[in-house]
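One structure is given here, and the rest of the page talks about it.
The values are calculated or read from the model by the stated rules, or taken from the named source; none is laboratory data. Source: prediction; values computed, not measured. Here the Cβ is made from the backbone with ideal geometry for all residues, glycine too, and neighbour counts use every protein chain on show.
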């Protein structure tokens, strides 16, 4: 029987994060994602050279409201970013996603210098490439991110996020300090494309952008992220250079917000053991979004990381 | 839209001068300007004035290949010039422009397309001339598609030109051509490409540019996916880019014109 093979015309961009000593940084290794010429794992159609990379999320401050399974994994280190970073690497993180939550005016309002200090501490503590994520407050991010970007100059980090209404400062910083950038859009393919055009108009290379289409967890909008990722990817493979970027998914953050992942056994006695249920929810979300074309998966729980990794091994074996 | 830049034609004064004085820099400039403006291919036509069409075609092809690697459309009605052009085009992908939709011609040209791995334009012109109604146009197109298959030329390499007529003297032909085009798409799966040269349409008409721009938009709706045109005609480019967007051939963004340009740029 003849198999029906889709003929794609272009490839997803390949992006390498982190810089070793030879490349002017201090990372022990780099991470490369993207480069596929077809949808995930359709090996009969094209190549899928780099499996998704797993980043573990950590904060610059102690989180509040993280459910028990996450507290079990991190509570003894989450007051100290350097220790948290080391723990995450022990859990199998190929990259770290340092979220500067503490700089947000409502969550500590830490100064740009404090944030830069955290990033330097993390860089010193571990050898994996960094993703550095602002607080989401436009004004504060525009103060904090240039300082942080400078502190990590030469390390070839991935900085985020640039959005349609606020992209110029971050783009300029990434250009100046040699970082890659995350372009964010609110589950909207048209805006995802527009953000990439805006960033590239500032002289930023399309090959240095990662798309963050916003992530929905299983049961809470996942079908939206899935179909938007898939639509963007098929356009990117069909010659649309504005959508040929690798995609990042904040799986941990979204999964642990939903009640199925965090609701206690006392409140939902029929749902089973929370310590298993939460990580399972997170791993399932990761596995699903990987099939939509997610290349960088930001996760939280070590058990979820472990089971997602073993799934990837099975897929690539 | 597969844009075939029409400017490398001896009919234009600068190109004619380049040919006459063997000045490569003139030819390079015209070629690169079209590429920069978004051409996906370059039509090469020695023009009516050339007394040595074969040598000129070879020289033009060799010259253009020095500065770009995009598809070259060898535009000649003469079989020996076509063959010489095919032999000279050693680097770039090739589009043969063109053969008529006559059985004897197709049996000569299709094997050549196969041999040189070239794409080919088949004109909707048969032994009796240009068909005047939808049925005979589709019949001619069907013969072109059938002959391509018979000689092993993939449908993805076949471009059918329905022949657009001047609006001021053959007004009713526009509608017939557009209707024929929508039927060309049913000839095979995948369907052949549809290409037009629009310079005919506005000939002698006062609103020449508006006529062609409007036609290309209507053409996109009826399956037009290639055009021989001046890639530097920005209004014409913007018109079909917008038409293709409204036909969902690209994903909308506020800067969709810029997005198209970035995705279809062949500047090396």
Open item on the list: Are there helices (runs of 4 or more DSSP H) fully within region A:177-273 with at least 1 residues that are within 28 Å of residue A:304 (Cα to Cα) and within 14 Å of chain B (Cβ to nearest Cβ)? List them.
Closed with: A:222-237
- [ ] Just give me the residues in region B:246-263 being surrounded by fewer than 19 Cβ atoms within 10 Å (Cβ to Cβ) and either assigned to a loop (DSSP other than H, G, I, E, B) or in contact (Cβ under 8 Å) with a residue 12 or more places away in the chain (or both), in sequence order.
- [x] B:247, B:248, B:249, B:252, B:254, B:255, B:257, B:261
Open item on the list: With the structure loaded, tell me whether residue B:96 is surrounded by 17 or more Cβ atoms within 10 Å (Cβ to Cβ) and either within 23 Å of residue B:264 (Cβ to Cβ) or more than 17 Å from the chain's Cα centre (by Cα) (or both) or whether it fails that test.
Closed with: yes
- [ ] State the number of residues belonging to region B:148-177 that are assigned to a helix (DSSP H, G or I) and in contact (Cβ under 8 Å) with a residue 40 or more places away in the chain.
- [x] 7
- [ ] Read through the list (1) under 25 Å from residue B:154 (Cβ atoms); (2) touching a strand residue (DSSP E or B) at 6+ places or on another chain (Cβ under 6 Å); (3) surrounded by 19 or more Cβ atoms within 10 Å (Cβ to Cβ), then give the number of the only condition that residue B:45 fails.
- [x] (1)
Open item on the list: Being within 21 Å of residue A:248 (Cα to Cα) and out of contact with any helix residue (DSSP H, G or I) (no Cβ under 9 Å at 6 or more places or on another chain) is the filter here; which residues of region A:35-54 pass it?
Closed with: A:35, A:42, A:47, A:49, A:50, A:53
Task: Qualifying residue in region B:196-203 (condition: within 20 Å of residue B:181 (Cα to Cα), within 18 Å of the chain's Cα centre (by Cα) and within 14 Å of chain A (Cβ to nearest Cβ)) - done: no
Task: So residue A:65, is it within 24 Å of residue A:276 (Cα to Cα) and modelled with pLDDT under 95 - done: yes
- [ ] For residues that are touching a helix residue (DSSP H, G or I) at 6+ places or on another chain (Cβ under 6 Å) and facing another protein chain (nearest Cβ under 8 Å), tally how many sit in region B:257-268.
- [x] 4
TODO: Test residue B:225 against the stated conditions and say whether it is in contact (Cβ under 8 Å) with a residue 40 or more places away in the chain and within 14 Å of chain A (Cβ to nearest Cβ).
DONE: yes
- [ ] Check off (1) more than 15 Å from residue A:299 (Cβ to Cβ); (2) in contact with a helix residue (DSSP H, G or I) (Cβ under 9 Å, 6 or more places away or on another chain) for residue A:74 and give me the number that stays unchecked.
- [x] (1)
Open item on the list: Given (1) on the phi < 0 side of the Ramachandran plot; (2) out of contact with any strand residue (DSSP E or B) (no Cβ under 6 Å at 6 or more places or on another chain), identify the lone condition not met by residue B:248.
Closed with: (1)
Task: Filter result (touching a helix residue (DSSP H, G or I) at 6+ places or on another chain (Cβ under 7 Å) and assigned to a helix (DSSP H, G or I)) within region B:126-142 - done: B:134, B:137, B:138, B:141
Task: Residues of region B:184-215 classified as under 21 Å from residue B:158 (Cβ atoms), free of Cβ contacts under 8 Å to residues at least 40 places away in the same chain and not in a loop (DSSP other than H, G, I, E, B), total - done: 2
TODO: Determine whether residue B:112 is crowded, with 20+ Cβ neighbours inside 10 Å, touching a strand residue (DSSP E or B) at 6+ places or on another chain (Cβ under 8 Å) and at pLDDT 95 or above.
DONE: no
TODO: Go through (1) assigned to a helix (DSSP H, G or I); (2) at pLDDT below 95 and name the single condition residue B:180 misses.
DONE: (2)
Open item on the list: So, residue A:180, is that one farther than 30 Å from residue A:28 by Cα and surrounded by 21 or more Cβ atoms within 10 Å (Cβ to Cβ) or not?
Closed with: no
Task: Residue that is modelled with pLDDT of 95 or more and touching a strand residue (DSSP E or B) at 6+ places or on another chain (Cβ under 7 Å), where the choices are B:3, B:67, B:81, B:30 - done: B:3
Open item on the list: Looking at the structure I just gave you, is residue B:241 surrounded by 18 or more Cβ atoms within 10 Å (Cβ to Cβ), closer than 21 Å to residue A:194 by Cβ and either within 10 Å of chain A (Cβ to nearest Cβ) or under 22 Å from the mean Cα position of the chain (by Cα) (or both)?
Closed with: yes
- [ ] Select from region B:217-232 the residues that are within 20 Å of residue B:169 (Cβ to Cβ) and surrounded by fewer than 22 Cβ atoms within 10 Å (Cβ to Cβ) and list them in ascending order.
- [x] B:218
